[in-house]
Amino acid sequence: MLSDRNSSVLDLTDVRYIERIVIGRYNPNNPDDDDFMQRQIDKLNHYLDIHPKGILIGKDSGFKVIKIGENTVISQHVAYHIGFKRKPVL
């Protein structure tokens with residue numbers, strides 16, 4: 001069912017598939033995390049632009065405190081939940 005206000009907007013009752021995309025740093029010692037984060041951001045943008053178009057239905061954020069010797073590093077992440085009418089083909 002599509003909303004009466006805007007027929008191109010996906011109604012939450014139509015969501016049948018949810019993709020969770022986590023963006024953030026997992027390991028502060030791994031320089032590949034920057035490339036992985038960029039790939040996740042590109043994937044998020046792709047899911048919001050492709051057909052069937054996904055909609056943002058939720059967002060979680062969290063952090064992890066990592067002790068490295070005498071230093072303390074805080075690792076943060078954000079998980080986006082993208083809803084689709086059907087599973088997108090990549």
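Quick notes on this one:
- Filtering the stretch 49-60 to residues that are in a strand (DSSP E or B) and either in contact with a His (Cβ under 7 Å, 6 or more places away or on another chain) or exposed (fewer than 11 other Cβ atoms within 10 Å of the Cβ) (or both) leaves Ile57, Gly58, Lys59.
- Residues that are over 11 Å from Ile23 (Cα atoms) and part of a strand (DSSP E or B) within the stretch 62-74 comprise Phe63, Lys64, Val65, Ile66, Lys67, Ile68, Asn71, Thr72, Val73, Ile74, listed in sequence order.
- Number of the condition not met by Leu44 [criteria: (1) in contact with an Asp or Glu (Cβ under 6 Å, 6 or more places away or on another chain); (2) without any contact (Cβ under 8 Å) to a residue 60 or more places away in the chain]: (1)
- For the stretch 42-61, the set of residues classified as over 15 Å from Ile21 (Cα atoms) and hydrophobic (A, V, I, L, M, F, W, C) consists of Ile50 only.
- Residue in the stretch 2-20 that is touching a helix residue (DSSP H, G or I) at 6+ places or on another chain (Cβ under 9 Å), modelled with pLDDT of 90 or more and surrounded by 15 or more Cβ atoms within 10 Å (Cβ to Cβ) present: yes
- Leading residue by the ranking (nearest to Val22 (Cα to Cα)) among those in the stretch 78-90 that are at pLDDT 90 or above and out of contact with any helix residue (DSSP H, G or I) (no Cβ under 9 Å at 6 or more places or on another chain): Ala79
- Condition broken by Arg86, with the remaining ones in (1) in contact (Cβ under 8 Å) with a residue 24 or more places away in the chain; (2) surrounded by 11 or more Cβ atoms within 10 Å (Cβ to Cβ); (3) not in a strand (DSSP E or B) satisfied: (2)
- Members of the stretch 21-40 that are modelled with pLDDT of 90 or more and either farther than 16 Å from Ala79 by Cβ or surrounded by 13 or more Cβ atoms within 10 Å (Cβ to Cβ) (or both): Ile21, Val22, Ile23, Gln38, Gln40
The values are calculated or read from the model by the stated rules, or taken from the named source; none is laboratory data. Note that the coordinates shown come from a computational prediction; the quantities given were computed from them, not determined experimentally. Cβ: placed from backbone, ideal geometry, glycine included. Neighbour counts: every protein chain shown.
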